[in-house]
Amino acid sequence: MDMEQTLVAAVLNGLDEPAVLLGSDGRIVLGNESFAATVGRHRGELSGQRWEAFIAAIDGDAQASDVVTRSSASGSWRGSMRLRTAMQGTVETSAHIVRVNEASEQCFLATWRPSSGAQPAGGERETDEIAAPNRLLFFDRLEHALAAAERERRSLLLLVVGLDGFTHLNDWLGYEAGDDILARVSARLMDAIRRADSCTRVGGDQFGLVMQLAEGGDATTVMEKVMASMHEPLAVAGEEVRLTATVGASLYPHDGSDARLLFQKASSAMVHAKREGRDRCVFFSAELNARARARIDLENRLRGAVTREEFVLHYQPKIHIDTDMIAGAEALLRWRDPEGALIPPSAFVPIAEQCGLIHSLGTWALRTACRQAVEWQAQGLPGIRVAVNVSAKQFLAPDFVELVARALAESGLAPHWLELEITESVFMGAVERTIERLSSLRSLGVFLSIDDFGTGYSSLSYLSRFPITTLKIDRSFVQDLETNRTTAEIARAIIALSVGLELEVIAEGAETAGHVAFLRTHGCHLVQGFYYSRPLAPEHFAELLRLGKLGGRDVPQDVPGPDTI
């Protein structure tokens, strides 16, 4: 952004009404918290989306592009607009769009206010279901609770509870099922708190809880009770749905006495916790502000990197330990920054998922890996199966199966040379629809692997129904096989489970001869890790393929720890 746009963005974030910054192409540059809550999206997911996706109708049957054109010509546009809401209803609004930069005409500020007396059309939900009125109710309750806490000299705990992955469940199961989930989550949260406390849905998939604490009250105990209420699975639309939630917290009087400041701090803590791993509780601290600023800087750099195509794939061999033969490879994404440093995916993939870049990155990685596999074969090298990581957001995209089919067709790669490594978190969602999606992918002829198996929440009762081909033992169970009896038992159990289900099993993170010996002894014959090779650039991996066989070796002292995939 230039300085003028940055100033507009600062103003936008201070507005209570829904507002977005638009580019001249009709795509959202930035949306504020109120707009995100109203349409049921996280702010990070708004950037790059076309704004008309959130508009149900415009006064006089005008098109969204017409409105931008008129704003460009005259400097501004005012009119009526029906805005889609988080609950898949709509609300009549008065909209105002103004050109930000008189000279370049490249940016527009759009704001919405609910029309007075507006009623939803077609029997859709009433406007009191919309985020903005709910937030007003929440702040009214919070201010009353603060006044009572001050009078009675008590502490006050404010929690902002955000459901993890709800947007994708909503798209996956449909909005009626999404509404059902929200209603039942609300009921669970109400059961977890006292009658004197309050729970309000503040927009999208977020709830605000206000709880009085007795003198010396344990806020952590209260938060753990709220978290525990979320972990029981829900039966929704014929599916078993497993939910997790991330909770941010602030305390009165420790974190301030102003209602909006306390809410802002709890929300910041919740957003930070989601970026750090989700399914946990985090209290606000001043340190979060510094981390947030650093993250915003990294996000801006990442967007530039996507535009400049600064990404590469490296390949780590998968080895059959009985023969030392190369059995396959995993494609690992790397970001080569302008200074030439290679940044591992653990540093940027979570941010890419939050800010909506993971689809373009994942698509590029899939196509590039398919082309590379074909190129190696064209050089007369042995054909190997190449594995590509798939995030939960990619997997749940409506066109993902078609995307895989296109990548195979465009590259000319035979499907049996491609493996998709799918994170275990995918299996926490709608089981039946997940099975349907996996079956569609398997019917293409590609192999399917559950990545990082044992670290998530997938139900073993469903595992035999998933049309997968491989279980991948997470590196956390491999790294201390020789010293930790518990993780060794887990590794043995996963190997035995794979054998019983007639699935291929592979262990990642094998770094020592002891790791390899343990795995061989207990029936795991495929490994990948630094004991054999680090991830390599395509030309260096081709040299390994020419050899066809590797002798194991201990990790040299100057080799850093393994990258997080």
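Quickly run through region 294-331 and pick out the residues that are of a type in the set (Gly, Ala, Ser) and surrounded by 16 or more Cβ atoms within 10 Å (Cβ to Cβ). Ala305, Ala327, Gly328, Ala329, Ala331 - these are the residues of region 294-331 that are of a type in the set (Gly, Ala, Ser) and surrounded by 16 or more Cβ atoms within 10 Å (Cβ to Cβ).
For Ala273, are the conditions met, namely being modelled with pLDDT under 90, within 17 Å of the chain's Cα centre (by Cα) and closer than 30 Å to Glu143 by Cβ? So Ala273 passes the test. If the condition is being in a helix (DSSP H, G or I) and of a type in the set (A, V, I, L, M, F, W, C), then region 332-356 contributes Ala347, Val349, Ile351, Ala352. Cβ-Cβ distances below 9 Å connect the following pairs, each with a first residue in region 10-34 that is at pLDDT below 80, a second residue that is basic (Lys, Arg) and surrounded by 22 or more Cβ atoms within 10 Å (Cβ to Cβ), and a separation of six or more residues or different chains: Asp16/Arg135; Ser34/Arg135.
Within region 304-327, the set of residues being assigned to a strand (DSSP E or B) and over 28 Å from the mean Cα position of the chain (by Cα) comprises Ile319, His320, Met325, Ile326, Ala327. Within region 237-248, does at least one residue satisfy the condition of being within 16 Å of Ser155 (Cβ to Cβ) and hydroxyl-bearing (Ser, Thr, Tyr)? No, the conditions are met nowhere in region 237-248. Would you say Leu288 is outside any loop (DSSP other than H, G, I, E, B), surrounded by fewer than 21 Cβ atoms within 10 Å (Cβ to Cβ) and at pLDDT 85 or above? No, not satisfied. If we scan region 119-134, do we find a residue that is at pLDDT 70 or above and either surrounded by fewer than 16 Cβ atoms within 10 Å (Cβ to Cβ) or over 33 Å from the mean Cα position of the chain (by Cα) (or both)? No: region 119-134 contains no residue that is at pLDDT 70 or above and either surrounded by fewer than 16 Cβ atoms within 10 Å (Cβ to Cβ) or over 33 Å from the mean Cα position of the chain (by Cα) (or both). Within the set Asp324, Asp297, Asp337, the sole residue that is closer than 13 Å to Leu545 by Cα and not aliphatic (A, V, I, L, M) turns out to be Asp324. Residue by residue through region 490-539, note down the ones that are small (Gly, Ala, Ser) and part of a helix (DSSP H, G or I). Scanning region 490-539 gives Ala491, Ala493, Ala496, Ser498, Gly500, Ala513, Gly514, Ala517.
The residue that is nearest to Ala430 (Cα to Cα), counting only those in region 454-472 that are at pLDDT 90 or above and surrounded by 15 or more Cβ atoms within 10 Å (Cβ to Cβ), is Ile468.
Considering region 490-547 alone, what residues qualify as being crowded, with 19+ Cβ neighbours inside 10 Å and of a type in the set (S, T, N, Q)? Residues satisfying the conditions are Ser498, Thr512, Gln528, Ser533.
Looking for whichever is at pLDDT 85 or above and within 18 Å of Arg260 (Cβ to Cβ) here; the options are Leu163, Leu209. Which one fits? Just a single option satisfies the conditions, and that option is Leu209. Has region 218-237 got any residue that is within 23 Å of Arg84 (Cα to Cα), in contact with a strand residue (DSSP E or B) (Cβ under 8 Å, 6 or more places away or on another chain), touching a residue at least 24 places away in the same chain (Cβ under 8 Å) and crowded, with 21+ Cβ neighbours inside 10 Å? No, there is no match, as no residue in region 218-237 is within 23 Å of Arg84 (Cα to Cα), in contact with a strand residue (DSSP E or B) (Cβ under 8 Å, 6 or more places away or on another chain), touching a residue at least 24 places away in the same chain (Cβ under 8 Å) and crowded, with 21+ Cβ neighbours inside 10 Å. In region 137-188, the residue that is nearest to Ser268 (Cα to Cα) out of those that are among the β-branched types (Val, Ile, Thr) and outside any helix (DSSP H, G or I) is Val160. Against the condition in contact (Cβ under 8 Å) with a residue 40 or more places away in the chain, at positive phi and out of contact with any Leu (no Cβ under 7 Å at 6 or more places or on another chain), how does Gly356 come out, does it pass? For Gly356, the condition - in contact (Cβ under 8 Å) with a residue 40 or more places away in the chain, at positive phi and out of contact with any Leu (no Cβ under 7 Å at 6 or more places or on another chain) - is met.
From the residues in region 478-489 that are surrounded by fewer than 17 Cβ atoms within 10 Å (Cβ to Cβ) and of a type outside the set (S, T, N, Q), which one is modelled with the lowest pLDDT? Once the filter is applied, the top-ranked residue is Glu482.
Filter region 166-206 down to the residues that are within 21 Å of Cys355 (Cα to Cα) and modelled with pLDDT of 80 or more and list them by number.
Phe166, Asp205, Gln206 - these are the residues of region 166-206 that are within 21 Å of Cys355 (Cα to Cα) and modelled with pLDDT of 80 or more.
In region 339-350, the residues that are assigned by TED's automatic domain parsing to the domain that holds Tyr315 reach residues that are among the aromatic types (Phe, Trp, Tyr) and not in a loop (DSSP other than H, G, I, E, B) with C-beta atoms within less than 9 angstrom, at least six apart or across chains, in these pairs: Ala341/Trp335; Leu342/Trp335; Ile343/Trp335; Pro344/Trp335; Pro345/Trp335; Ala347/Trp335; Phe348/Trp335.
The values are calculated or read from the model by the stated rules, or taken from the named source; none is laboratory data. All figures in this text were calculated on a predicted structure; none of them were measured in a lab. No Cβ is skipped: glycine too gets one built from the backbone with ideal geometry, and neighbour counts run over all protein chains shown.
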